[in-house]
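The values are calculated or read from the model by the stated rules, or taken from the named source; none is laboratory data. All of these numbers come straight from a predicted model, not from anything done at the bench. With ideal geometry, Cβ positions are generated from the backbone for all residues, glycine too; neighbour counts draw on all protein chains shown.
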Amino acid sequence: MNAAVMKRKLGVVSVFTILLGVSFITETIAQDEDIFGIERKIRGRKSESELGNVFRNMVSNFSFELGAGGVYQRNQLQFNSNNPIQYPVYSILPDNPMDVEAGDTVNFSLGQMSVPVHAAVRLNLFEMLVLGAGYGREWGSMNPLRERDYRFEFQDNNYVMDRLFATAGLILYDANKRRAFLNWKYKRYGGSNHLMQSERKLRMKQDYPWRFILEGEYGQLFMRRGFDEHAQPQEPYYALGLRIERDFSEYTNAFIRPTWGRRAFSYQLPEQSEVQSINQDLFMIQFGVNVRLPGTKRCKVPGCGVVMKHLHNGVEYRGSSIWRMQNRKIGQWY
């Protein structure tokens with residue numbers, strides 16, 4: 001009887017050993033060969049060649065943007081001259097001749113509007129800094145500056161101006177910093193508090209589409225159609241703004257950037273050695289779209305209908321266009 005029991009036990013152990021071996025072999029084959037063309041954990045390369053992989057990793061840090069906006073510019077001219085009669089300073093009252101004398105200071109000012117557009121290329125460095133460079137054009141007006149009954153007039157009321165600029169931005173808050181903040185916030189709850197730890201994991205997995213960047217701009221102006229032949233831009237100009245981005249996919253976003261800036265123009269008559277400075281304080285609202293270059297190739301494997309990022313032979317592919325979320329969640333499929 002004991003011998004029969006021992007035989008049955010040995011038989012059970014043998015069957016279990018065989019099943020365990022088959023399971024191990026199956027798992028090993030599945031790791032070596034991607035049967036369905038899908039692997040859930042994306043840790044693959046982006047190209048089969050080493051050079052291509054390095055190139056695609058670099059390309060994915062670059063993006064292109066197009067933007068437009070509106071500018072309110074506050075013009076100020078602290079006029080002071082030894083020969084004021086030589087300048088286009090006039091009184092709007094016909095019976096009140098100009099009485100600005102040599103050495104008098106008149107503070108001319110006026111608020112006016114302009115419309116800028118621009119195109120730029122941007123480089124993301126380690127999800128911390130964003131560097132950019134671009135070229136823009138601005139259409140605006142320059143009406144006569146005013147001070148009481150006096151006007152400082154220009155030859156033309158309109159101008160067209162180009163600008164070449166560079167930007168540098170510090171990422172203040174985004175999805176990565178939000179995850180780090182949530183980890184810090186939930187540190188006070190122990191690992192045994194399953195409710196709060198589940199809430200932490202759930203919130204960390206949520207899509208957070210917002211990004212806040214403190215951004216500075218520095219550039220040079222080029223007059224294409226000046227408001228006065230005696231006025232030329234002083235170099236350089238600078239601006240500081242808060243850029244707010246909203247992601248629509250991993251590769252596309254829209255942004256709005258309220259900005260303050262300052263620039264100046266020098267006004268000098270040919271027969272005068274003195275230079276008058278026209279200072280501008282700029283209050284801008286810029287908006288536009290940004291498209292990041294996809295470092296991951298679009299999947300073209302026949303019969304593969306996967307819309308999420310996945311692997312084929314260890315190479316990462318995307319199954320959707322750059323305008324769609326790649327790793328979609330419930331409610332993001334249509």
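Per-structure values
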quantity	calculated
Per-region count, segment 99-120, residues surrounded by fewer than 14 Cβ atoms within 10 Å (Cβ to Cβ) and touching a residue at least 40 places away in the same chain (Cβ under 8 Å)	4
Where a residue in segment 211-236 is in the same structural domain as Thr259 (by TED's automatic domain parsing) and acidic (Asp, Glu) and its partner, wherever it lies, is crowded, with 19+ Cβ neighbours inside 10 Å and not in a strand (DSSP E or B), with Cβ under 8 Å and at least six apart	Asp228/Met142; Asp228/Phe154
Lone qualifier among Leu311, Leu282, Leu242 - being assigned to a strand (DSSP E or B), touching a residue at least 12 places away in the same chain (Cβ under 8 Å) and more than 30 Å from His118 (Cα to Cα)	Leu311
Residue among Gly190, Gly241 that is touching an Asp or Glu at 6+ places or on another chain (Cβ under 6 Å) and among the small types (Gly, Ala, Ser)	Gly241
Pick from segment 186-224, criterion basic (Lys, Arg) and closer than 27 Å to Glu245 by Cα, ranking: surrounded by the fewest Cβ atoms within 10 Å (Cβ to Cβ)	Lys205
Cβ-Cβ under 9 Å pairs, at least 6 apart or on other chains, segment 163-188 side β-branched (Val, Ile, Thr), far side assigned to a helix (DSSP H, G or I)	Ile171/Lys177
Selection from segment 114-131 of residues that are of a type in the set (S, T, N, Q) and within 12 Å of the chain's Cα centre (by Cα)	Asn124
